[in-house]
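The block underneath contains the structure these notes are about, expressed in structure tokens.
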Amino acid sequence: MRHLAHLVRRFFGSLGTRRPAPTDQMLVAELLSPSESEVFWSQPVPDLAHALRSARTVGASSPGRTGLARAALLHDVGKRHSGIGTIRRSIATGLSILRVPARGRMASYLDHAAIGADELGRLGCEDLVVQFARHHHGLRPDHLSPEDWDALLRADDE
Ligand SMILES: [Fe+2]
Ligand SMILES: [Fe+2]
């Protein structure tokens, strides 16, 4: 049910997003390496806006925890590989809720957590970043504390 509520908020949120501001660009430059930044900025505008809101939320709830902010910024980078927009993303999520198998780009979208985590691992990101990307639609991995997990999930709702 959390997944469905998240989808609805993201769908309406995606209709009114704008390009990131210079302060967002500074935040990304502070937190990410050049290769990570390249991946980050290759996301569609709604995904950029979601990632930046997530990073600011976790930055406010857990000040000084740059690892958490990095995890929030990068957790959805796997989505961009599907190349589908808001409506087809919503259909894909609906199929998954109904347990109807998706194919092609919709399947790629639904697999964005694993795809992004593998990519972040290849970039050399730390375990926290890779593991949150991999598990953020599932269950908390044992080595991630409940406090950090809750902070990141709250940020992902932004
Ligand atoms: Fe996600
Ligand atoms: Fe997300």
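Given 17, 93, which one is away from ligand 2 (no atom under 13 Å from the Cβ) and modelled with pLDDT under 95? Give the steps one after another, and end with the answer.
Values: 93 fails: away from ligand 2 (no atom under 13 Å from the Cβ).
One residue alone meets the criteria, 17.
Quick one: which residue in 77, 39 is touching an Asp or Glu at 6+ places or on another chain (Cβ under 9 Å), under 19 Å from residue 157 (Cβ atoms) and among the β-branched types (Val, Ile, Thr)? Lay out the reasoning, then the answer.
On the way: 39 fails: under 19 Å from residue 157 (Cβ atoms).
After applying the criteria, what remains is 77.
The values are calculated or read from the model by the stated rules, or taken from the named source; none is laboratory data. It should be emphasised that the depicted structure is a prediction, and the values quoted were computed from it without experimental measurement. Virtual Cβ from ideal backbone geometry, glycine too; neighbours counted across all protein chains shown.
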